[in-house]
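To start, the structure itself, in structure tokens.
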Amino acid sequence: MNHLKTFVLLAGLTALFVGVGALIGGATGMLIALVFALGLNLFSYWNSDKLVLRMYGAQPVDESHPEPLVRAYVEDIRELAAKAGLPQPRVYVMENDQPNAFATGRDPQHAAVAATTGLLSMLSRREIRGVMAHELAHVKNRDTLTMTITATIAGAISALANFAMFFGGNDRDNPGGIVGTIAMAILAPIAAMLVQMAISRSREYEADRVGAEIAGDPGALAAALEKMEAYARGGVVNYEAERNPATAHMFIVNPLVGKGMDNLFSTHPATQNRVGRLREMLARGGFGMAAAQLQPAVAAAAPSPRYDTVVPTTRPRGPWG
């Protein structure tokens, strides 16, 4: 059902893009937009990982890296990928103080995972494993291509709407005229954003569940989510994400601004809801020795900074600063 829902939403996003083209240039504009949308999807299919990794200045790393934190990170991803039955993904690090991570790539054979330097220096190794297991779950569920194509089309709709504001209002082939153009320029990016967010939310819960199973440790991801949310709310800014908001849904937590509830304008499910589900998984058991050993750790994580509490923006001096 989740895959069907995602397919329908993606089809709606593409239809919106074509519709914007029709409003700008009538039948000719619709045809041009349709051809462009098909080309955009094809381009995204082959280049999605390169585009996003370059956008965030991600650098490849491996087990020969001089920093122990990075070596441990790479080793853990290799181990978790093997547990998940996945090929070894390419591993990247992004120079960014905000603790966060994402996965990308058109399929498991061409996947890449990336973590910020803030994630590696602010979270424990156990918590980092929980986060990266979540990202590998996205790879396993083949969410990575879907999320990147979504970001590409949503960004193109916004660009097309802006284009219409300057060039579409007086076009005689534009059925809406200047009023229709202004309305479209305002509403089309909002509609694209809503569809993009719906796709993101529908995939995050599933990746939390599968990631917890890969790591065998729901408590690790729960504790990591709380910490990352608190830091994002406390003012640790991801400037690249602020400049490219259409990619925000790719991260494990919202890199722009935290949201307190599930609503149409949230790129991610509410963190407290995700944490609650993970703790329910742990309470149900099924994780062998790990569950029994980690129960105290989950309890200890509960009083971590509240979502509405400002946390210090300073962090331990890691190998990057």
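Any residue in the stretch 70-86 that's touching a residue at least 60 places away in the same chain (Cβ under 8 Å) and over 14 Å from GLU135 (Cα atoms): show its pairings with residues that are crowded, with 18+ Cβ neighbours inside 10 Å and of a type in the set (Lys, Arg) at Cβ separation under 6 Å, as long as the two are six or more apart or on different chains.
From residues that are touching a residue at least 60 places away in the same chain (Cβ under 8 Å) and over 14 Å from GLU135 (Cα atoms), there are no pairs.
Restricting to the stretch 210-226, name every residue that is part of a helix (DSSP H, G or I), more than 16 Å from the chain's Cα centre (by Cα) and not hydrophobic (A, V, I, L, M, F, W, C).
GLU213, PRO218, GLY219, GLU226 - these are the residues of the stretch 210-226 that are part of a helix (DSSP H, G or I), more than 16 Å from the chain's Cα centre (by Cα) and not hydrophobic (A, V, I, L, M, F, W, C).
Go through the stretch 249-270 and give me each residue that's at pLDDT 80 or above and farther than 12 Å from ARG201 by Cβ.
Once the filter is applied, which keeps residues that are at pLDDT 80 or above and farther than 12 Å from ARG201 by Cβ, the stretch 249-270 yields MET250, PHE251, ILE252, VAL253, PRO255, LEU256.
Go through the stretch 80-161 and tell me which strands (runs of 3 or more DSSP E), entirely inside it, have 1 or more residues that are hydroxyl-bearing (Ser, Thr, Tyr) and at pLDDT below 95.
In the stretch 80-161, 101-104 are the strands (runs of 3 or more DSSP E) which contain 1 or more residues that are hydroxyl-bearing (Ser, Thr, Tyr) and at pLDDT below 95.
The values are calculated or read from the model by the stated rules, or taken from the named source; none is laboratory data. Being a predicted model, the structure only gives us computed values, none of them experimental. All Cβ positions, glycine included, derive from the backbone under ideal geometry; neighbour counts span all protein chains shown.
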